[in-house]
Amino acid sequence: MADLDMLALALPQTTKEVSDDGRPAYRVHGKLYCCQRGRRPDAIDPDTGERMNDVLMFRVADQDVKELLLADDRGLYFTTPHFDGYPAVLIRIPQLERLDREELADLVAEAWLTRAQKRVAKAWLAEHSV
């Protein structure tokens with residue numbers, strides 16, 4: 001989570017909000033691109049049957065990108081009926097350690113790019129030779 005925080009806050013115009021119970025949410029221009037979800041009835045731990053409280057949501061560019069991530073052989077990413085038709089994937093916080101830092105950086109940057117103003121995104125992409 002420390003890497004996620006550092007990577008997100010390094011992106012231009014990102015703000016971080018923290019809920020009363022400590023869950024972070026990252027926004028650019030007031031638009032959410034990544035957050036830790038609270039316990040929801042649509043995200044149940046298959047092992048315990050309890051609502052999960054360790055789920056991160058990342059925006060993605062579109063349904064094709066979502067399907068690509070969901071098809072990842074490692075089984076890191078998932079979705080719930082709440083996100084049907086919505087460009088976002090979910091990942092449990094303990095699974096972050098299975099991502100290398102570059103992969104996490106790409107996931108965060110791609111989420112940010114979906115919400116950043118075009119001129120800000122274009123400048124950031126040019127600066128980072130992406």
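Can you find even one residue in the stretch 50-64 that is of a type outside the set (D, E), at pLDDT below 95 and within 17 Å of A8 (Cα to Cα)? Among the residues of the stretch 50-64, at least one is of a type outside the set (D, E), at pLDDT below 95 and within 17 Å of A8 (Cα to Cα), which makes the answer yes. Under the condition of being assigned to a loop (DSSP other than H, G, I, E, B) and either free of Cβ contacts under 8 Å to residues at least 60 places away in the same chain or surrounded by 14 or more Cβ atoms within 10 Å (Cβ to Cβ) (or both), the residues counted in the stretch 28-44 number 7. Pairs only if they're at least six apart or on different chains, beta carbon under 6 angstrom, first in the stretch 1-27 and part of a loop (DSSP other than H, G, I, E, B), second aromatic (F, W, Y) and surrounded by 12 or more Cβ atoms within 10 Å (Cβ to Cβ); list them, first residue then second. Note: pairs meeting the criteria are L11/W112; P12/W124.
A single member of T14, T114, T79 is within 17 Å of A2 (Cβ to Cβ) and surrounded by 14 or more Cβ atoms within 10 Å (Cβ to Cβ), and it is T14. Can you name every residue in the stretch 1-25 that is in contact with a helix residue (DSSP H, G or I) (Cβ under 8 Å, 6 or more places away or on another chain) and over 14 Å from A111 (Cα atoms)? Answer for the stretch 1-25, where residues must be in contact with a helix residue (DSSP H, G or I) (Cβ under 8 Å, 6 or more places away or on another chain) and over 14 Å from A111 (Cα atoms): M1, D3, K16, P24.
Inclusion of D47 among residues that are touching a Ser or Thr at 6+ places or on another chain (Cβ under 6 Å), assigned to a loop (DSSP other than H, G, I, E, B) and at pLDDT below 95 is not warranted.
Here's the yes/no breakdown for (1) assigned to a helix (DSSP H, G or I); (2) surrounded by 10 or more Cβ atoms within 10 Å (Cβ to Cβ); (3) of a type in the set (S, T, Y); (4) in contact (Cβ under 8 Å) with a residue 40 or more places away in the chain:
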site: A61; (1), (2), (3), (4): no, yes, no, yes
site: E67; (1), (2), (3), (4): yes, yes, no, no
site: I91; (1), (2), (3), (4): no, yes, no, no
site: Q95; (1), (2), (3), (4): yes, yes, no, no
site: A109; (1), (2), (3), (4): yes, yes, no, yes
site: R119; (1), (2), (3), (4): yes, no, no, no
site: K122; (1), (2), (3), (4): yes, yes, no, no
site: A126; (1), (2), (3), (4): yes, no, no, no
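Taking the stretch 97-107 as the region of interest, how many residues are in a helix (DSSP H, G or I) and without any contact (Cβ under 8 Å) to a residue 40 or more places away in the chain? Residues meeting the conditions: 5. Residues that are outside any loop (DSSP other than H, G, I, E, B) and either at pLDDT below 95 or hydrophobic (A, V, I, L, M, F, W, C) (or both) within the stretch 69-89 comprise L69, L70, F78, P81, H82, F83, A88, V89, listed in sequence order.
The values are calculated or read from the model by the stated rules, or taken from the named source; none is laboratory data. Keep in mind that this is a model prediction, so the values were computed, not measured. In this analysis, Cβ positions are derived from the backbone assuming ideal geometry, glycine residues included, and neighbour counts consider all displayed protein chains.
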